[in-house]
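Colleague: Following this message is one structure expressed as structure tokens.
Just so you know, all these numbers are worked out from the coordinates, no wet-lab data involved. None of these values were measured; they are calculated from a predicted model. Virtual Cβ from ideal backbone geometry, glycine too; neighbours counted across all protein chains shown.
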Amino acid sequence: MSMSGQAAAAPDPAEVDLPEGMTASYLVLDRTTGASWGMEEHKQYRSASVVKLFIALDYLETRGPDHVVPPEDLALLEPMLRSSDDDAASTLWVRDGWEQIVVRTVARLGLTDTEPPAQRGKWGYTAISAADVVRTYQYILTEAHPKYRDFIMGNLRQATRCATDTFDQSFGIPSALPRPWAVKQGWSGFGAAPTPGEECVEPSRTAPVTREMRAAAAAIDRENKRQAAKAEPDIDLTSRAMHTTGTGRCDEKIVVVLTLEPTTLSWQDSADRITDLTEAVYKADSDAV
């Protein structure tokens with residue numbers, strides 16, 4: 001169903017054929033025409049680092065437009081958005097209320113598929129859908145205070161090729177869409193670092209380690225141990241997740257592609273497959289009505 005309330009014409013199936021073993025959902029919204037189309041856009045996935053959009057937006061919303069972000073918080077927010085810094089995200093997650101960040105975001109934006117993680121220390125297990133992530137970008141671009149829009153989208157336009165953990169985050173939108181784009185990526189299940197010899201070595205933005213960051217990491221570790229038996233939402237936590245979300249054509253199009261891959265598939269193979277899918281989805285959208 002079109003986000004504008006009108007059904008979109010189905011694209012040529014050959015253009016968006018999924019490779020063997022991949023589970024995927026996607027949604028594209030042309031903000032100029034209102035046309036959109038997608039597949040399984042309400043299916044839930046674990047968010048991985050896509051939840052960092054919620055963390056940044058909630059930080060700004062709860063403090064108000066008159067708040068001047070201090071340098072020590074810029075040192076967390078900018079690496080989190082540009083280079084997907086996990087330590088920065090964990091620090092803000094603990095400071096601003098853990099799962100209540102997601103609860104507030106769901107209420108503020110009217111999200112229908114998003115759920116906080118049952119184990120509050122595992123922010124990457126927040127449940128999301130392609131539809132809710134598109135709605136999040138819509139909110140940032142058209143309803144949030146312009147200061148919040150400029151801050152978040154400005155940082156996403158400066159996304160680094162290399163993430164803080166040295167994974168190459170140029171898959172999907174950065175490789176499939178023409179510039180200018182803005183992007184927030186997510187991945188989970190590939191380990192804490194790339195296979196030796198496959199590290200991304202170009203510069204990234206890294207949050208400096210502070211006492212607050214160490215305290216947040218310790219608090220999350222305690223919570224994860226304490227809540228280890230709690231069941232998460234009914235989402236796949238086993239397959240490897242790789243997501244690409246953001247905008248193209250100077251924010252004219254919102255593109256969200258969420259995928260799961262077999263645990264036997266390498267990072268590069270997963271990256272190549274989501275990039276091919278994103279290119280097909282982006283091109284097919286141009287034929288939607």
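Colleague: Let me have the 222 nm mean residue ellipticity of the chain computed from DSSP H runs of 4+ only, each contributing -39500 (n - 2.57), with the sum over all residues rounded to the nearest 500. Working shown, then result.
Modeller: Numbers: 9 runs with 108 residues, N = 289.
Estimated from H runs of four or more residues: -11500 deg cm²/dmol.
Colleague: Taking the Cα centre of region 239-288 as origin, work out the dipole magnitude from +1 charges on Lys and Arg Cβ and -1 charges on Asp and Glu Cβ, in debye rounded to 20.
Modeller: 120
Colleague: Compute, for region 188-289, the length of the dipole vector about the Cα centre, with Cβ point charges of +1 (Lys, Arg) and -1 (Asp, Glu) only. Units Debye, rounded to 20.
Modeller: Dipole magnitude for region 188-289 comes out near 660 debye.
Colleague: Can I ask one more? What lysines could a cross-link reach from Lys43, if we take a straight Cα to Cα line under 24 Å and drop same-chain neighbours fewer than 8 places away?
Modeller: Lys52, Lys122, Lys184, Lys230, Lys253, Lys283
Colleague: State the answer as a single residue: which of Thr195, Cys250, Ala107 lies farthest towards the positive end of the charge dipole of the chain, with beta carbon charges of +1 for Lys and Arg and -1 for Asp and Glu, about the Cα centre.
Modeller: Towards the positive end, the residue furthest out is Ala107.
Colleague: Considering the options Tyr148, Val183, Gln169, tell which one lies farthest towards the positive end of the dipole of region 141-252, charges being +1 on Lys and Arg and -1 on Asp and Glu at the Cβ, about the Cα centre.
Modeller: After comparing all options, I get Tyr148.
Colleague: Dipole of the chain, Cα-centred, from +1 at each Lys and Arg C-beta and -1 at each Asp and Glu C-beta, to the nearest 20 debye?
Modeller: 920
Colleague: Additional query: Once you keep just the Cα pairs under 8 angstrom separated by 6 or more residues, what percentage relative contact order results for region 13-285?
Modeller: 30
Colleague: Pairing the Cα long axis of helix 146-156 with the longest principal axis of the chain, what angle in degrees results, from 0 to 90 and rounded to the nearest 10?
Modeller: 80
Colleague: Okay, next question. Count charges around Leu265 for me, please; just the other residues with Cβ under 13 Å from its Cβ, Lys/Arg as +1, Asp/Glu as -1. Intermediate values should be presented prior to the final figure.
Modeller: Numbers: positive: Arg240, Arg273; negative: Glu20, Glu261, Asp269, Asp272.
So the surrounding residues net to -2.
Colleague: Here's something else I'd like to know. Which entry is the computed Rg and Dmax of the Cα atoms in Å for this structure: [x] 17.8, 54; [y] 21.9, 70; [z] 19.0, 63?
Modeller: [x]
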